[in-house]
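The values are calculated or read from the model by the stated rules, or taken from the named source; none is laboratory data. Keep in mind that what you see is a predicted model, and the values were worked out from it rather than measured. Every residue, glycine among them, receives a Cβ derived from its backbone with ideal geometry; neighbour counts consider all protein chains shown. We work out accessible area using only protein heavy atoms, side chains counted, and drop any ligands, DNA or RNA first. Shrake-Rupley method; radii C 1.70, N 1.55, O 1.52, S 1.80 Å.
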Amino acid sequence: MAPLLLQLAVLGAALAAAALVLISIVAFITATKMPALHRHEEEKFFLNAKGQKETLPSIWDLPTKQLSVVVPSYNEEKRLPVMMDEALSYLEKRQERDPAFTYEVIVVDDGSKDQTSKVAFKYCQKYGSDKVRVITLVKNRGKGGAIRMGIFSSRGEKILMADADGATKFPDVEKLEKGLNDLQPWPNQMAIACGSRAHLEKESIAQRSYFRTLLMYGFHFLVWFLCVKGIRDTQCGFKLFTREAASQTFSSLHIERWAFDVELLYIAQCFKIPIAEIAVNWTEIEGSKLVPFWSWLQMGKDLLFIRLRYMTGAWRLEQTRKMN
């Protein structure tokens, strides 16, 4: 009996190794090159409050604002106003308290089929195009791609990515700013502060089905095992970057959809960029575009392929690249 079990164990190990080799080959062969950092002609401009075209700035220009807020938006005409009202109310009050504080909000319409751009442009007309700008992408690039387009058009010393659903309370940006400052001195002026919902995990488990809880734990294990160590919540869409950290990480990003957050933090850790994880207030908002099982399955595949593609050299870390 013992020899048979040993033989089965050896066979199982051999099959697992063969499967890993096969998957690695598939990951290497199917690896796409780093997405070209280019804009369509229509994406090189934004409309000012008067409806006139103006050329977008570049992240490689010197910063002229203290804070840029990048809001990726896909079919968000209904949820976007709630988020924008809260964000701009906070930012305006902060500027009243501190006139030296300057900001901009960049809404990136990721090829929406609804009136997202029109809804966002109303805020441009109300607050002026120096404070609110709308970038309308010609076609859908995915959340990561949309954020990159906004970041590469930003003017801030610090750049915040924030979801259009308003799930995170906007004043919590001050918590991220403190977390970022606590990381000083920043190597090469690079640092990242990630909003985190990990402290809410017990509460969320109580409200989830066993199946979704199992998927969540499985995903967290894969993130830790394959890609990112030390960050409990990689998926919260509330992250603050120094300008240098944003340009470096997003210039090296391959994935533009589901698991882009994980690759982003993987890149940051490879470049030894310090990262702070900061607890934030968060409320689940109806209208999520994630389909629980299939989205998690896709992200699981992406996690495995991130690791294998970097390990096999199919993907390589790049120094900062400029967009054309």
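If I compute solvent accessible area with a 1.4 Å probe over the protein chains, what percent of it on segment 210-285 is carbon and sulfur? Spell out each step's value before the answer.
Details: 1940 of 3090 Å².
Of the solvent-accessible surface of segment 210-285, carbon and sulfur hold 63 percent.
From Cα coordinates alone, what are the radius of gyration and Dmax values for segment 43-179 in angstrom?
Spelled out, the Cα radius of gyration and Dmax of segment 43-179 are 13.7, 40 Å.
Which residues' amide hydrogens lie under 5 Å from the amide hydrogen of Ala276, considering only partners 5 or more residues apart or on another chain, with H built in the peptide plane?
Amide H neighbours of Ala276, under 5 Å, 5+ apart: Ile192, Ala193, Cys194.
Quick one: which of 175-187, 263-275, 221-233 comes out on top by average Cβ neighbours within 10 Å, and what's the full order, highest first?
Output ranking for 175-187, 263-275, 221-233: 263-275, 221-233, 175-187.
Calculate the spin-label point distance for Val138 paired with Trp224, positioning each point 7 Å from the Cα along the beta-carbon direction, and give it in nanometres.
According to this spin-label approximation, the distance is 4.5 nm.
Using r as the Cβ-Cβ distance of Gln115 and Leu317, and R0 as 56 Å, what FRET efficiency do you calculate, to the nearest 0.05? If you can, show how the numbers build up before the last one.
Numbers: r = 39 Å, r/R0 = 0.70.
With R0 = 56 Å, the Cβ-Cβ based efficiency is 0.90.
Put Lys301, Lys122 in order of accessible area, largest first, 1.4 Å probe: what do you get? Present the calculation step by step, with values, prior to reporting the outcome.
Details: Lys301 95, Lys122 135 Å².
Heavy-atom accessible area, descending, gives Lys122, Lys301.
May I ask you to order 87-94, 74-81 by the average number of other C-beta atoms within 10 Å around their residues, highest value first?
Listed from highest to lowest mean packing, they are 74-81, 87-94.
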